Amino acid sequence: MNNPMNEISDVQSRSALQRPKKILFTSSLYPYPTLPNDTSLTDATGARFTRADGIFCLISHSHHFANHVLAQNISIPSVILEYPRWNDFTTEVKKGYDIIGISALPVHMESVLKMCTYIRENFPGTKILIGCYAGLALQAVYPDGGWKKYVDEICHGEGVEFMRRMLGEDTNRPIQQKLMPKGGGSPTFISKFPKGAIGFLVSGLGCPGSCDFCSSTSLFDHRRIEMLSPKDLVEHMYLYKKNFPDVTNVFVIEEDHFRWPDYLIKIKEPWESHPDMIESIDWFSFGSLDFIGAFVDKYGWDAIAEIGIGVMFIGVESKFADLLHYKKRSKTDPREVFSHLHNMGIRTVGSWICGWDFHNHTNIEEDLNYFVSLNPTYQQLTRLSPFPGTALWYQLKEEGRLKNVPWDDVHFWSGTQKNLGLEEHETLNYVEHGYDLLYRTWGPSMLRRLEVELNGYSYCMKSSNPMLHDHKSLFFRKQCGMVWTLLDAMERFAPNGIVRRRVKQTAKRYIEVIGEPTPIMEYLSKNILRLASDEYLKQLTNPSFYRPKTEPFKKYIYHKSSNGEQDIPYTTEWPTPPSFKVRKDMISENLRYFALEQMMRLKRSASKSKSEPVIDDYLMGMVSRRAFGFGL
Ligand code: B12
Ligand code: SF4
């Protein structure tokens, strides 16, 4: 493999001579391929976290963050294209750019190669850069510089330093991550256009874990690169709190936060210096079981809540830890971790992988059912997928166990590997079965979330830490009040009696822990029930009613000179007007919310004595800002 540092210094000497005026960064072309279960690649909740939840599935959108991180950290003005269609892409390229950078995953390779070929043929003077996992895959599939046919440089690893070196800029400047577009979702019957409730930051990239199937350990050469100090991470979170009242969760990218306990514990002090933030947001973290166990041994369980973590992605991967042979998964009991976290109000995303070499008909159901028993709040069930450039991919290639699938199918459900103990279609079916089993056993994720958040409220009220007792408790109170409004609908459309009873028990628990619901909550709940009934009917009469979520084309302009130092350092353009249908849907949703808001105001003034300001103000605010979205 080429030494990336050599490539960078070559580029540096060439380009420092001629600084480009403007750089174009782009994602790959839309429409994106769809996943095998007919969901969208960029809808993490619809495709995975809340996958089988029927009408309560959160359909979400996401943005292309890497390009923003790059554009924010160089001094040259740049334009970012997000989800361009072919015409959008060629129109922009024709404006003439010295450098075009593409950020993509292997699943987009088909369109990436088409984009590169177009630029090469029509603008031979333009330098083409590629980064992220598509770059890793190109290097693996076209080794020994074969990839140079398509691109000039591959950024293997961290991109800010790569870009700064290439442009002859100071590489020691701290990395900044001002506000980026927000993501988020909602059941579609509540909102088809939820305003993002989830912010995004990167605390670190890469991991020294070296698990053979893992792409990120390969891309970042088995080490961690810090992207924000603990203090800066908190101050960047505060920007979300300050600018966006509807953001309730910040998704913090890191391979395994718990591998870095000293980093993590340093978050506590700055986090606790912002009680107003504690009342309104928490953050999404990543953890592996043994490192969570080690962190808890050193700092105790409470420390996890005290640093503001609200959701934790945990790789369980399989019940059979001894057969997995991964160091991250040998000592700590998953059941203990999941149940402790849930008792403190921390929601979990459990991940399970189907298709290990030891999986066969004698153990697969046992493995899956063990995972179900953990009662994760959200879940990600995938097939073991060897991604080009990983150790697993090279090993299976050598063993002749790699199937030739189109690039469009290189994702977490790829079916690229020849299994030893299961047929190919079985791994996909077991994954789908697993999502369904979780739904039928525990109910939709929104119900599981309410159960966990009620625990969180009780836990905070018992805590002697004033940050938890006085401030975090308010966060849970608001969140519980909001999710409560789904209970009636979840009871009516529960998949079976087991779940229906769970819903009723949760409703009872709400009263015990928080108190009687307010008239505003009840009014909202009635409306949600009505909307849910319409949605359920549509789904019954037209099973293909749900289509994979599609994303609009957007352009972000980083002018640098005028607004580079502001919290939102770019301006956004929507070059393509929405279709008639989308405009119609937007107007009708807006009208619906307008009417709802007026009715809620009336209700509130008619029943002042029964109002509960913490919850009612929160709900009214969401409705009046047309931001009835659900974080995580
Ligand atoms: C957040 C996330 C998502 C989000 C948003 C993705 C997005 N577009 O930003 C959602 C949930 C939508 C998502 C979906 C998917 N994801 Co995802 N996702 C991640 C996650 C957790 C973080 C990615 C991220 O934003 N990192 C922060 C940015 C700043 O880092 P970065 O992208 O690596 O960029 C840096 C460098 O790579 C480089 N760089 C990147 N681009 C460029 C371009 C140029 C020109 C240059 C110079 C440098 C450069 O510079 C950046 C700064 O250093 C990663 C795991 C991980 N830790 O990487 C998985 C990961 C990227 N996802 C993965 C996959 C497979 C998917 C899906 C295909 C879903 C699937 N289930 O199969 C879809 C495809 C989404 C799409 N865009 O079409 C895999 C990719 C593996 C592979 N080899 O293909 C990963 C690595 C998870 C894993 N461990 O396997 N994902
Ligand atoms: S511990 Fe997680 S992030 Fe680290 S190498 Fe293993 S799978 Fe990748």
Within region 45-55, restricting attention to residues that are in contact (Cβ under 8 Å) with a residue 40 or more places away in the chain and either closer than 20 Å to TRP413 by Cα or surrounded by 24 or more Cβ atoms within 10 Å (Cβ to Cβ) (or both), which residue is farthest from ligand 1 (Cβ to nearest atom)? ASP53
For region 274-313, which positions are under 23 Å from LYS327 (Cβ atoms) and touching a residue at least 60 places away in the same chain (Cβ under 8 Å)? SER288, PHE313
Residue pairs qualifying under the 8 Å Cβ cut-off, at least six apart or on distinct chains, with the first in region 118-137 being under 22 Å from HIS64 (Cα atoms) and the second being assigned to a loop (DSSP other than H, G, I, E, B) and acidic (Asp, Glu), are LYS127/ASP98; LYS127/ASP152; ILE128/ASP152; LEU129/ASP152
Candidate set: region 154-184, residues that are assigned to a loop (DSSP other than H, G, I, E, B) and acidic (Asp, Glu); chosen: the one nearest to ligand 1 (Cβ to nearest atom): GLU158
Tally the residues that are assigned to a loop (DSSP other than H, G, I, E, B) and more than 7 Å from GLY443 (Cβ to Cβ), restricting the search to region 488-506. 3
Can you find, within region 389-416, the residue that is surrounded by the fewest Cβ atoms within 10 Å (Cβ to Cβ) among those that are within 16 Å of ligand 2 (Cβ to nearest atom) and part of a loop (DSSP other than H, G, I, E, B)? PHE412
Please go through (1) surrounded by 20 or more Cβ atoms within 10 Å (Cβ to Cβ); (2) free of Cβ contacts under 8 Å to residues at least 40 places away in the same chain for LEU219 and return the number of the only condition it doesn't satisfy. (2)
Go through GLU121, GLU153, GLU110 for me and flag whichever is acidic (Asp, Glu) and either crowded, with 23+ Cβ neighbours inside 10 Å or within 24 Å of TYR556 (Cβ to Cβ) (or both). GLU153
Any chance you could count how many residues in region 444-479 are assigned to a loop (DSSP other than H, G, I, E, B) and in contact (Cβ under 8 Å) with a residue 40 or more places away in the chain? 3
Kindly list the number of the only condition in (1) out of contact with any strand residue (DSSP E or B) (no Cβ under 7 Å at 6 or more places or on another chain); (2) closer than 30 Å to TYR618 by Cα; (3) of a type in the set (S, T, N, Q) that fails for THR572. (1)
Under 6 Å by Cβ, and 6 or more places apart or on different chains, what pairs join a residue from region 324-352 that is touching a residue at least 60 places away in the same chain (Cβ under 8 Å) and under 21 Å from GLU453 (Cβ atoms) with one that is more than 12 Å from ligand 2 (Cβ to nearest atom) and charged (D, E, K, R)? GLY345/GLU453; ARG347/ARG449
The listed residue being surrounded by fewer than 16 Cβ atoms within 10 Å (Cβ to Cβ) and either more than 30 Å from ASN73 (Cα to Cα) or of a type outside the set (Ser, Thr, Tyr) (or both), out of LEU531, LEU540: LEU540
Log entry, pairs with first residue in region 225-236 being modelled with pLDDT of 95 or more, second being in a helix (DSSP H, G or I), beta carbons closer than 6 Å, six or more apart or on different chains, reads PRO230/TYR263; LYS231/PRO270; VAL234/PRO270; VAL234/TRP271
Do we find a residue being farther than 27 Å from ILE55 by Cα, over 29 Å from the mean Cα position of the chain (by Cα) and in a loop (DSSP other than H, G, I, E, B) anywhere in region 547-568? yes
Could you pull out the residue among THR441, THR427, THR362 that is modelled with pLDDT of 95 or more and either surrounded by fewer than 15 Cβ atoms within 10 Å (Cβ to Cβ) or in a loop (DSSP other than H, G, I, E, B) (or both)? THR362
Quick one: in region 268-287, of everything that is hydroxyl-bearing (Ser, Thr, Tyr) and away from ligand 2 (no atom under 16 Å from the Cβ), which residue is nearest to the chain's Cα centre (by Cα)? SER280
GLU306 passes all but one of the listed conditions (1) away from ligand 2 (no atom under 16 Å from the Cβ); (2) farther than 27 Å from LEU474 by Cα; the exception is number (2)
Looking at SER28, is it within 10 Å of ligand 1 (Cβ to nearest atom) and either assigned to a loop (DSSP other than H, G, I, E, B) or buried (at least 24 other Cβ atoms within 10 Å of the Cβ) (or both)? yes
Would you check which residues across region 325-346 are of a type outside the set (Phe, Trp, Tyr) and within 16 Å of ligand 1 (Cβ to nearest atom) and list them? LYS328, ARG329
How do the pairs read when you match residues in region 252-268 that are basic (Lys, Arg) with residues anywhere that are within 11 Å of ligand 2 (Cβ to nearest atom), using Cβ under 8 Å and keeping only pairs 6 or more apart or on different chains? ARG259/CYS207; ARG259/PRO208; ARG259/GLY209; ARG259/ARG224; ARG259/SER288; ARG259/PHE291
For GLY434: the one exception among (1) out of contact with any Gly (no Cβ under 7 Å at 6 or more places or on another chain); (2) touching a residue at least 12 places away in the same chain (Cβ under 8 Å); (3) in a loop (DSSP other than H, G, I, E, B): (3)
Which ranges mark the strands (runs of 3 or more DSSP E) fully within region 35-143 that have 3 or more residues being at pLDDT 95 or above, farther than 30 Å from VAL499 by Cα and not aromatic (Phe, Trp, Tyr)? 78-82, 99-103, 127-131
Run VAL151 past the list (1) over 31 Å from the mean Cα position of the chain (by Cα); (2) in a loop (DSSP other than H, G, I, E, B) and report the number of the one that doesn't hold. (1)
Long-range neighbours under 6 Å by Cβ, at least six apart or interchain, first residue closer than 25 Å to THR188 by Cβ within region 608-632, second modelled with pLDDT of 90 or more and part of a loop (DSSP other than H, G, I, E, B): ALA627/ASP246; PHE628/ILE190; PHE628/SER191; GLY629/ALA197; PHE630/LEU58; GLY631/ALA197; GLY631/THR248
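Residues that are away from ligand 2 (no atom under 16 Å from the Cβ) and either under 23 Å from HIS64 (Cα atoms) or touching a helix residue (DSSP H, G or I) at 6+ places or on another chain (Cβ under 7 Å) (or both): does region 211-229 have at least one? Quick ask: steps written out before the conclusion?
At the first step, the residues of region 211-229 found to be away from ligand 2 (no atom under 16 Å from the Cβ) are 228-229.
If we keep only those that are either under 23 Å from HIS64 (Cα atoms) or touching a helix residue (DSSP H, G or I) at 6+ places or on another chain (Cβ under 7 Å) (or both) too, we end up with 228-229.
Yes, some residue in region 211-229 is away from ligand 2 (no atom under 16 Å from the Cβ) and either under 23 Å from HIS64 (Cα atoms) or touching a helix residue (DSSP H, G or I) at 6+ places or on another chain (Cβ under 7 Å) (or both).
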Applying the selection to region 550-567, what residues are among the β-branched types (Val, Ile, Thr) and either modelled with pLDDT under 90 or buried (at least 16 other Cβ atoms within 10 Å of the Cβ) (or both)? ILE557
Give the number of residues within region 190-208 that are assigned to a loop (DSSP other than H, G, I, E, B), surrounded by 20 or more Cβ atoms within 10 Å (Cβ to Cβ), more than 11 Å from ligand 1 (Cβ to nearest atom) and not β-branched (Val, Ile, Thr). 4
Given the conditions (1) part of a loop (DSSP other than H, G, I, E, B); (2) more than 10 Å from ligand 1 (Cβ to nearest atom); (3) in contact (Cβ under 8 Å) with a residue 12 or more places away in the chain, report the number of the one that CYS211 does not fulfil. (2)
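The values are calculated or read from the model by the stated rules, or taken from the named source; none is laboratory data. This one's a predicted model, so the numbers in the text were calculated from it and none came from an experiment. Positions of Cβ are backbone-derived with ideal geometry, glycine not excepted, and every protein chain shown enters the neighbour counts.
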